[in-house]
1. Is there a residue being among the acidic types (Asp, Glu) and open to solvent by less than 40 Å² (accessible area, probe 1.4 Å) anywhere in region 269-281?
2. Select from region 53-92 the residues that are open to solvent by less than 50 Å² (accessible area, probe 1.4 Å) and assigned to a loop (DSSP other than H, G, I, E, B) and list them in ascending order.
3. Please find, within region 248-279, the residue that is farthest from TYR60 (Cα to Cα) out of those that are among the acidic types (Asp, Glu) and touching a helix residue (DSSP H, G or I) at 6+ places or on another chain (Cβ under 9 Å).
4. At least 1 residues that are modelled with pLDDT of 95 or more and crowded, with 23+ Cβ neighbours inside 10 Å in each: list the helices (runs of 4 or more DSSP H) lying fully within region 95-186 that qualify.
5. Just checking, how many residues over region 219-235 are in a helix (DSSP H, G or I) and either hydroxyl-bearing (Ser, Thr, Tyr) or open to solvent by less than 10 Å² (accessible area, probe 1.4 Å) (or both)?
6. I need the full set of residues from region 194-218 which are charged (D, E, K, R) and in a loop (DSSP other than H, G, I, E, B), in order please.
7. Looking at VAL72, VAL46, VAL110, which one is farther than 24 Å from ALA171 by Cβ and touching a residue at least 40 places away in the same chain (Cβ under 8 Å)?
8. How about region 274-295: which of its residues are within 30 Å of GLU67 (Cβ to Cβ) and modelled with pLDDT of 95 or more?
Amino acid sequence: MTEQENNLEQKKALIAAWSDHSRMWKDNTWVYPVISRRAGGLSVGVNLNPDHKCSFACAYCQSGPQEGHPSVPIDIDGVERELRQFLAFYESGEFNKCEFFGHVPEDKKVLKDLCLSGDGESTIVKEFPEICRRMRKIQTEYENAANSSDADAGSVVAGLRNFKLRLITNASRLGNEKVEEALQYLLESDGEIWAKLDAGTEEWYKRMNRSAVKFSTILDNLQKVIKRYPICIQTMLCSLQGDQPTDIEIEQYIKNLELVYGANPKNFVEVQLYTVIRQTTLPDVLPLPKEFLQAVAEKITAKLPVKVRIF
């Protein structure tokens, strides 16, 4: 294979990996790998909602409807076991040989995080605090091993020392006492919260996120949690059954960003703007052109001194 052909093969593999964030991995129930554009490499997902239970029912969700899925009790030991098994598999170098991920460029297969994400909202699960504690325990073990005098600086273990712990959340439970307790574990070592904020108004929020949770609760939770922990704001911009966010909607959205930023500018990491790239729950939920996202980004940075990334 020529270098040009190899580069083309890698590009195709990377696009396929970005587009396919399947929760299925071997015989696992809880843990799955994805190549994440936003994380910048390999993200190991922890799916605490294989039964699709969620406090939102987003129009653009790739996981599909919540109905029709049997309840799945959380096996805390099983989650930890699958995490350890995957990290050992990654450490062995065998992950790089996997058929689906094999042709993805090496720099995109570097482990970036263990991320609570998946088919629903992780924070609604009562086992969430203990899962966070165990994830932090695993992270600490790798940090200690990599920084010990016995660790070879070129070893895979040393290469694992910098992975983060992250939570992707719709922010509906960030004000909960037990969730805040759990975040202490998750964010102890440079961890992050990636929280959704998809709307400026209650009307668009109801159409996009379709939740019984009040929009004001989401905004209150974001302002409360950013006082203690770093937050990235994730925003989906899409056409929803023929409609797209209006200028007034975007203006109010930026005002909401200002509220969150104003609660603690030092913990406001960035805004991530993205659009639809996978199949959605509702029909006629379509991507918006990159120019639309760029225009929104320019409006944000005109009002706030924050980093904005477009995906």
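1. Within region 269-281 (the criterion being among the acidic types (Asp, Glu) and open to solvent by less than 40 Å² (accessible area, probe 1.4 Å)), the answer is yes, since at least one residue qualifies.
2. CYS54, SER55, PHE56, ALA57, CYS58, ALA59, TYR60, CYS61, SER63, GLY64, VAL72, ILE74
3. Kept after step one, since they are among the acidic types (Asp, Glu), are these residues of region 248-279: 249, 251, 258, 270.
Subset that is touching a helix residue (DSSP H, G or I) at 6+ places or on another chain (Cβ under 9 Å): 249, 251, 258.
Details: GLU249: 18, GLU251: 22, GLU258: 25 Å.
That would be GLU258.
4. Fully inside region 95-186 and qualifying: 128-147, 177-186.
5. 2
6. Within region 194-218, the subset charged (D, E, K, R) is 196, 198, 202-203, 206-207, 210, 214.
Selection gives ASP198, ARG210, LYS214.
7. Exactly one residue qualifies, and that residue is VAL110.
8. Listed by number, the residues that qualify are TYR274, THR275, VAL285, LEU286, PRO287, LEU288.
The values are calculated or read from the model by the stated rules, or taken from the named source; none is laboratory data. Note that the coordinates shown come from a computational prediction; the quantities given were computed from them, not determined experimentally. Cβ: placed from backbone, ideal geometry, glycine included. Neighbour counts: every protein chain shown. Side chains included, ligands, DNA and RNA excluded: accessible areas come from the protein's heavy atoms. Shrake-Rupley method; radii C 1.70, N 1.55, O 1.52, S 1.80 Å.
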